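Written below as structure tokens is the structure these notes are about.
The values are calculated or read from the model by the stated rules, or taken from the named source; none is laboratory data. Since the model is a prediction, treat every value here as computed from it, not as a measurement. As a convention, Cβ positions derive from the backbone with ideal geometry for all residues, glycine included, and neighbour counts pool all protein chains shown. All accessible areas refer to the heavy atoms of the entire protein, side chains included, with ligands and DNA or RNA removed. Shrake-Rupley method; radii C 1.70, N 1.55, O 1.52, S 1.80 Å.
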Amino acid sequence: DSMQSSYAEYDSPKNVHLPSIKILPGGLAHISEIVCHKMPHLSDLADSSSCTDSEAELAVMEARSIFFILEETLRRCRWTGEIETRGNYATPKDVVFVHLYLSSISHFSQINSFYKETFGTILPPSRSCVAVGKNVLPHGRRVMMDCLVQRGSGEYMRIAPDVKLEALTTLSVGNQKFIKEHKANLHHKLRSTLHVQSVSHWAPICVGPYSQANTVRSGVIFMAGQIGLNPGTMTLVEGGWKNELRQSWKNAASVLDALEGSLSDTIGGVVYVGHNEAFHGRALNSKLLHIWEECNNICRD
């Protein structure tokens, strides 16, 4: 009970400052830099002496606050220019892609259960989870999140294929007209999800509550982050970071191939290189330049 009370202030803060939001026509939105407004410290833990990893506990507190802020943001967004917005809102099931930044990847196992509670395990968003190191995130925070949202897409994907549109009575009040219009267009899906959880040789399985890819409006694919895993064995390929990067692109290509796309269709991507590669050996600037050149060559190949 004492631990639960220590979380209360972060689970549902009294004052919520909404993050940066960009809303586009058709209910598409990008929400960036979602952080816990009040950064927790050891004194906020009910009993820090009993915590085997107090930093992980504090990261969990930040994450729970972030998930609450996301839900509030989705609820309060003005998705249209209409004054009347009753029932016209989004939920975490409408989130298409999550970019989660952690100070340490070791924190994620504890954060994961609350992540599941927020986004669910059925038709979840694609996700890129990156450990950026201590004191890299704003003001030393341990967790930050960006996400892309397609309003109404969570309900849209959960409509059974054989259900007649006129029979749909369970849709949220503000979104039902919007969802029915998109469902009536059989050639332009509002959202679709690729979520494979069995071991195969074509791409790594999803080992957490995320999808390999989410496609929005039958055209733009948001893929989960890839690392250099051998799909058949789910172990990192040998030979160092260059081979891992090549394998990462192969895995991405396999996912796109399953969606009838290819790397030549790619609009953009982000490559993260571990700090050990940058700070080992030669002078930093020279090393970074060398890594950049190698990354550039591999990515263009």
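Considering only DSSP states other than H, G, I, E and B, which GluC sites (Glu not before Pro) in region 158-240 qualify as loop sites with at most 16 other Cβ atoms within 10 Å?
Listed in order of number, the matching sites are Glu238.
Check each of the trypsin sites (Lys or Arg not before Pro) in region 67-167 and keep only those in coil by DSSP with at most 12 other C-beta atoms within 10 angstrom; list them in order.
Answer in residue order: Arg78, Arg86, Lys134, Arg158, Lys164.
Would you kindly find the accessible area of Val216, with a 1.4 Å probe and non-protein molecules such as ligands, DNA and RNA excluded, rounding to the nearest 10 Å²?
Roll a 1.4 Å probe over it and Val216 shows about 10 Å².
Return the carbon/sulfur percentage of the accessible area of region 99-249, one whole number, probe 1.4 Å, all protein chains in place.
Taking all protein chains in place, region 99-249 shows 55 percent carbon and sulfur surface.
In straight Cα distance, which lysines are under 29 Å from Lys242, not counting same-chain residues fewer than 8 positions off?
Lys134, Lys250, Lys287
Convert each backbone phi in region 247-255 into a coupling constant with the Karplus relation 6.51 cos²θ - 1.76 cosθ + 1.60 (shift: θ = phi - 60°), then list the ³J(HN,Hα) values in order as whole Hz, x for Gly and Pro.
Ordered by residue, 3J(HN,Hα) equals 5, 4, 5, 4, 5, 4, 4, 5, 5 Hz.
Find, among the chymotrypsin sites (Phe, Trp or Tyr not before Pro) in region 117-203, those assigned to loop by DSSP (not H, G, I, E, B) with at most 14 other beta-carbon atoms within 10 angstrom.
Passing both the DSSP loop test and the Cβ count: Trp202.
Bin width 10 Å, alpha-carbon pairs only: give the P(r) of region 107-255 as whole percents, running from 0 to the bin holding the largest distance.
Result, from short to long distances: 10, 31, 32, 19, 7, 1 percent.
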